[in-house]
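Before any comments, here is the structure.
Laboratory data are not the source of any read-out in this text; all were calculated from the coordinates shown. In this text, all values refer to a predicted model and were calculated from it rather than measured experimentally. Positions of Cβ are backbone-derived with ideal geometry, glycine not excepted, and every protein chain shown enters the neighbour counts.
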Amino acid sequence: MSILINKKTKVIVQGITGRDGSFHAEQMKKYGTNVVGGVTPGKGGTEVNGIPVFNSVADAVAKTKANTSVIYVPPSFAIDAVYEAVDAGISLIVCITEGVPANDMLKVYDYVKSRGARLIGPNCPGLISPGESKVGIMPGSIVKKGPVGVVSRSGTLTYEAIWALTCAGIGQTTCIGIGGDQIIGTNFIDTLELFEADPATKAVVMIGEIGGTDEEMAAEFVRKKMTKPVVGFIAGRMAPPGKRMGHAGAIISGGSGTAKEKIEALNKAGIPVAVSPTEIPALIREKMQAAARKPAAKKAATVKKAKGIGKVKPGKAIMTKKQRIAPKARKVGAKKRK
Amino acid sequence: MKIHEYQAKEIFAAAQIPVPLGQVASSVAEVASIAESYGRPVMIKAQVHVGGRGKAGGIQYAANVEAARVWAQKILGMDIKGLTVKKVLVTEAADIASESYVGIIIDRAQKKPVIMVSAAGGIDIEEVAAKTPEKIIKMAVDPTTGLKAYQARELAGNLYKDQALVRQAADVIMKLYDVYWKVDASLVEINPLITTPSGKVVALDAKINIDDNGLYRHKDVAAMRDLDAEDPSEVEARDGDLSFVKLSGNIGCIVNGAGLAMATMDLVKYYGGDPANFLDIGGSSNPQKVLTAMRIILRDQNVRAILINIFGGITRCDDVANGIVMAYEELKPEIPIVVRLTGTNADKAKVILKKVNLESADTLDNVVKKAIALAELEPMAEGRIQ
């Protein structure tokens, strides 16, 4: 099991004839991802590494029944590519491109939501479900199938954490990089909700960094609604205020968004925070063993809490498209039924 | 990117937001000639990329040309929070009846632009925000439909009772919202927005921060960048397509990826060292980037060891290793360098690195500890590098 992508996911690559697009299309295909097509306006009818190229996303979807798209186009075209994917009925859009203006993203965010699609990124490495599918640029060589979900605002730092887990013999259900920009399509809470509902995921690693308040809100979500253990890491303890630390979103502004605040919020929610990424496996093992020691109590809690927030029953937690898209609507419905 | 007040006022003026007459100057003589041409009292305002200029003495009233000359002498060259004043704005002095605040920023949590107004504007706005946040009224705007005139009137109604002033302020808020979108701003601010005794609403100050990601479509705004106001090494890094932030420590860091670069710095501190910088060479394997990174770091006289941490995913470690060898041979650094390359093609990289005499480590924690140990052994930098 995994979240968002699996063996059945049918992927198209927007910008497949570009340098990055063609390289990563091949890498994804090699990993076993079901890459069914690519899109470059004007290059329809050609092929890249045996993958058919279409002039538009709508064409590609009509011919291939693709449900997922990954975008590797330059920043000035990325927003248009997202709109095109949404309008063609793609349900999962992964935007790798870095450098998308934040104000453009404000409009895109609302549009994607209103059409019931999901956007991951921009400025992200994408996601990988070990042994099933990879959509994006994460190296397939560092992952291993197993029980831990990984969610992060970063790229290589995520690889570091995944590699530490893999070296310690702890595999992953799905690893997802949600992006380093200020405005991103899918945040920590969205992803934690999915991991909570995925029966194969037994624990989650959450890797945050300075800037914004997503980590604080996620901590609150974990405290109130999650039954599965979460281990954290926060980058940027040393970052000076007012300076953008590489990622557009990694900036302490007006004294808010510091690592200290985030670590305190996580700790308050019972989430241990690793000092070095290499500490993560030990913390995860500890948390998972503690959860396993009291299986009866934990299970009862799971059922009770899951009902309370309208989660499907354990063992039956297969996400339907509707649930994936509208978790909030689902909550309201569940409360009413109760 | 930050721009100066005088530049922000040019953008305001083009958008027909009322601003006082003003001109920028970089010498006492220029200041005097501008003041003379206005023939009335002026304000001399330091143009530096930092808040609190007024409190630091960087904004002064000059009743006549002679006073303008005296103040220009004092303010030009003045140090404000570590920045040297190289330019001043000479602007007509205004009669002030009241001071308000208007600002627009992105609210990351709500994913909307938020307009903030306060009748308690002026130099103490930060204190107002901290102590009496209820005095700042906030309104999130739907980015797809934009700001509506009635919303602007509602905001302006929080500032004034006089309907003539409300009308003018609402107009300023509408125009400010347009400016925010037009230049891809991440912040626009008027503090203070004043009323004059004759009943005019005027933007006495102007602040605009631009989203770097939007600069590609605003060549005119990009041209406003003041290289004099930035750290030269940060300018060189940007030209070399590197993300670099200078810090005060003695361990230079070269890392791929922003998150990992932050985590590496944090670990340096955790193990008792002090990072000299944040540096992300990005996702590409271009050896030139390693060379530029090394050159920038070696110029910092505080640096006593360099730590290179690369996690090869798409970045190939052998490419980075070639960059390191190139940089080593060209720059001939005399301080220790510790390298950790792991992931894609790390084995090939190790063979390449044998060409040069570098320390290496296998794990993140070990490369950090080793760099700290070597930095401690290293004598002070004096006279070491040309």
| Per Stokes-Einstein, at 10 °C and 1.306 mPa s, what whole-number D in µm² s⁻¹ belongs to the protein assembly as shown, with the Kirkwood radius over Cα pairs as the hydrodynamic radius? | 58 µm²/s
| said: Springs between alpha-carbon pairs under 10 angstrom, Gaussian network model over chain A: which of A:THR173, A:THR258, A:THR156 fluctuates most? | reply: A:THR156
| message | I'd like the Karplus ³J(HN,Hα) series for the stretch A:34-51: coefficients 6.51, -1.76, 1.60, θ = phi - 60°, whole numbers in Hz, and an x wherever there's a Gly or Pro. | response | 7, 7, 9, x, x, 10, 9, x, x, 10, x, x, 8, 9, 10, 6, x, 9
| task | Show the residues, 5+ positions off or on another chain, whose built amide H is closer than 5 Å to the amide H of B:LEU159. | result | none
| For the stretch A:139-154, what does the Karplus curve 6.51 cos²θ - 1.76 cosθ + 1.60, with θ = phi - 60°, yield as ³J(HN,Hα) per residue in whole Hz, taken in order and with x for Gly and Pro? | x, x, 6, 9, 9, 8, 5, x, x, 10, x, 10, 10, 8, 8, 10
| Three-way shape call for the stretch B:231-377 based on the alpha-carbon gyration tensor, with the a/c threshold at 1.5 | rounded
| message | I'd like the mean, over residues of A:149-160, of how many other protein chain beta carbons sit within 10 Å of each residue's own Cβ. | response | 6
| Taking a threshold of 26 Å on the Cα-Cα distance, which of the pairs A:LYS145/B:LYS269; A:LYS107/A:LYS260; B:LYS135/B:LYS246; B:LYS81/B:LYS112; B:LYS246/B:LYS332; A:LYS225/B:LYS148 fall above it? | A:LYS145/B:LYS269; A:LYS107/A:LYS260; B:LYS135/B:LYS246; B:LYS81/B:LYS112; A:LYS225/B:LYS148
| task | Give me a single rounded figure for A:96-108: the average over its residues of other chain Cβ atoms within 10 Å of their Cβ. | result | 6
| field | Radius 12 Å from Cβ of B:GLN60, net charge of other residues (Lys, Arg +1; Asp, Glu -1) | value | +4
| query | How much net charge surrounds B:THR145 when only the other residues with a Cβ under 12 Å from the Cβ of B:THR145 are counted, with Lys and Arg +1 and Asp and Glu -1? | reply | +1
| Modelled FRET efficiency - R0 60 Å, B:GLU329 with B:ASP95, Cβ distances, 0.05 increments | 0.35
| note | With label points set 7 Å from each Cα along the Cα-to-Cβ direction at A:SER56 and B:LYS161, the distance between them in nm comes to 6.0 nm
| Computed [θ] at 222 nm, helices only, for the protein assembly as shown once each DSSP H run of length n ≥ 4 contributes -39500 (n - 2.57) | -11500 deg cm²/dmol
| field | Range in chain B, longest, excluding exposed GluC sites (Glu not before Pro) [loop by DSSP; at most 11 other beta-carbon atoms within 10 Å] | value | B:1-333
| query | For B:THR145 and A:ARG115, what does the FRET efficiency come to when R0 = 25 Å and r is the distance between their Cβ atoms, rounded to the nearest 0.05? | reply | 0.90
| Gap separating the Cα centres of the stretch A:1-23 and the stretch A:30-79, nearest whole Å | 9 Å
| request: Quickly rank A:38-47, A:11-20, B:240-249 as a protection proxy: mean count of other C-beta atoms within 10 Å, highest first. | output: A:11-20, B:240-249, A:38-47
| Within-15-Å neighbourhood charge of B:ILE314 [Cβ basis; K, R +1; D, E -1] | -2
| Alpha carbon Rg of chain B, scaled by the compact-globule rule 2.2 N^0.38 Å | 1.21
| query | Which whole-angstrom value gives the distance between the alpha carbon centres of the stretch A:219-238 and the stretch B:49-85? | reply | 47 Å
| query | Out of every Cα-Cα pair in the stretch B:50-143, what percent are more than 17 Å apart? | reply | 64 percent
| Calculated Rg and Dmax of the stretch A:140-275 using C-alpha coordinates, Å | 14.1, 42
| task | Starting from the Cα of B:ARG40, step 7 Å along the direction of its Cβ; do the same at B:ASN357; then give the gap between the two resulting points in nm. | result | 7.3 nm
| message | Nearest 10 degrees is fine. How inclined is helix B:28-38 to the longest principal axis of chain B, computing both from alpha carbons? | response | 30 degrees
| task | Quick one: of B:LYS161/B:LYS200; B:LYS289/B:LYS369; B:LYS175/B:LYS207; B:LYS45/B:LYS87; A:LYS202/A:LYS287; B:LYS45/B:LYS207, which pairs are farther than 18 Å apart, Cα to Cα? | result | B:LYS289/B:LYS369
| Angle between the Cα long axis of helix B:258-270 and the longest principal axis of chain B, 0 to 90 degrees, nearest 10? | 70 degrees
| remark: By the C-alpha gyration tensor axes a ≥ b ≥ c (rounded if a/c is under 1.5, else prolate when a/b exceeds b/c, else oblate), the shape of the stretch B:144-275 is prolate
| task | Among DSSP beta bridges whose residues both lie in chain B, state the antiparallel percentage, nearest 5. | result | 75 percent
| field | Mean Cα-pair separation over length for chain B, i.e. relative contact order, pairs under 8 Å, 6 or more apart, % | value | 12 percent
| query | Considering amide H positions built from the backbone, and no H for Pro or chain starts, which residues 5 or more places from A:LEU119, or on another chain, come under 5 Å of its amide H? | reply | A:ILE93
| Near the amide H of A:VAL39, under 5 Å away, which other amide H atoms are found, from residues 5 or more places off or on another chain, if H is placed in the peptide plane? | A:VAL13, A:GLN14, A:GLY15, A:ILE16, A:PHE54
